1. Please list, ordered by first then second residue, the pairs with beta carbon atoms under 9 Å, 6 or more apart or interchain, first in the range 125-152 and at pLDDT 95 or above, second among the hydroxyl-bearing types (Ser, Thr, Tyr) and part of a strand (DSSP E or B).
2. Just name the residue that is surrounded by the fewest Cβ atoms within 10 Å (Cβ to Cβ) out of those in the range 194-222 that are charged (D, E, K, R) and farther than 22 Å from LEU27 by Cα.
3. So which residues in the range 223-246 are part of a loop (DSSP other than H, G, I, E, B) and buried (at least 19 other Cβ atoms within 10 Å of the Cβ)?
4. GLU212: part of a helix (DSSP H, G or I), without any contact (Cβ under 8 Å) to a residue 12 or more places away in the chain and under 21 Å from the mean Cα position of the chain (by Cα), yes or no?
5. Going by what's in this entry, would THR26 be described as buried (at least 23 other Cβ atoms within 10 Å of the Cβ), out of contact with any strand residue (DSSP E or B) (no Cβ under 6 Å at 6 or more places or on another chain) and not small (Gly, Ala, Ser)?
6. Could you please find all residues in the range 134-178 being surrounded by 14 or more Cβ atoms within 10 Å (Cβ to Cβ) and of a type in the set (Gly, Ala, Ser)?
7. How about the range 53-110: which of its residues are polar (S, T, N, Q) and in contact (Cβ under 8 Å) with a residue 12 or more places away in the chain?
8. Quick one: would you say THR109 is more than 29 Å from ASN288 (Cβ to Cβ), touching a helix residue (DSSP H, G or I) at 6+ places or on another chain (Cβ under 7 Å) and of a type outside the set (A, V, I, L, M)?
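The values are calculated or read from the model by the stated rules, or taken from the named source; none is laboratory data. These numbers come from a predicted model, not from an experiment. For neighbour counting, all protein chains shown are included, and Cβ atoms are generated from backbone atoms with ideal geometry for every residue, glycine included.
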Amino acid sequence: MSVTQMTTERNDSIRGIDLLQRKAETLRSLHRCERILVLPNAWDAASAKVFEKAGFPAIATTSAGIAASMGYSDGQRIPRQQMLDTVARIARAVDVPVTADLEAGYATTAEEMRETTERLLETGAVGLNLEDGLREGPLPMVQTSHHVAKIKVVREVCRIAGVDLVINARTDIYLKCVGDTSNRFAHTVHRGNAYMAAGADCVFVPGVVDAETIGELAAQIQGPINVLAVPGTPRIPDLQRLGVTRVSFGSGPMRAALGLIEKFAQELRDHGTFESMTTQAMPYAKTNALFADNSER
């Protein structure tokens, strides 16, 4: 390789790092605004593009949605690289920052977490969800100290790479109904504050829907909090008044799309008609135009 080629590659690498860092700073700044950050969750490039064109300033991915689209059930059953490949396609398809749902990081050791973080940086995403729940085994969640160690590894990789990823540290106390109900709030606050102290930017508490608890969590956790919008969750303006910084939707948008497909399939099977498709479908020209400006990506 010539000196000129080496210089060109080095300059391209520096520009790429600078772009990622600017996007990470943009995403982080959205957690400091008075207005709540509404993050729709995409599962492929097309859904991400729809959300971007609707005007959302950032996009999250959904692990369950991506896994289902690739033929896997949720819970880190999809191979890590297949998940990251889809995250990369989503990040390439849009200009807004993308944060990736990486479940438990596909990692049980510090070295595995380091490798996952390094590979995430290669996708173009500038944030990640990192959860403390366990899918299998006798315990529902990892020890607080174990999750803290993972967060610190991510921060170390970020420092070396020069890209300060936005970490959304998820705790599954409420989602998994861990422990006695009287202790869940204190346990969640303890974990959330430990994760913030370790370097997280936001604490994700799925499974909470009642306004009083959400407001108390926002007051007691020393940093931004993220809630999951599900049936029974307060409206977005109400969440903002309660002090919530960020709201996401998980696999909900993907499952809504599957619900429409299921309705179409049943109508077609039972009646030989297809009105549910023709009345709800995005026009072909509009769909094709989603990627009209992506020829150079």
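1. ALA125/THR61; ALA125/THR99; VAL126/THR99; GLY127/THR99; LEU128/THR99; ASN129/THR61; ASN129/THR99; ASN129/SER248
2. Step by step, filter the range 194-222, then rank; the result is GLU212.
3. Residues satisfying the conditions are PRO224, ALA229, THR233, PRO234, LEU242, VAL244, THR245.
4. For GLU212, the condition - part of a helix (DSSP H, G or I), without any contact (Cβ under 8 Å) to a residue 12 or more places away in the chain and under 21 Å from the mean Cα position of the chain (by Cα) - is not met.
5. no
6. Matches in the range 134-178: ALA149, ALA161, ALA169.
7. Hits for the range 53-110 are THR61, THR62, SER63, SER69, GLN76, GLN81, GLN82, THR86, THR99.
8. So THR109 does not fit the description; no.
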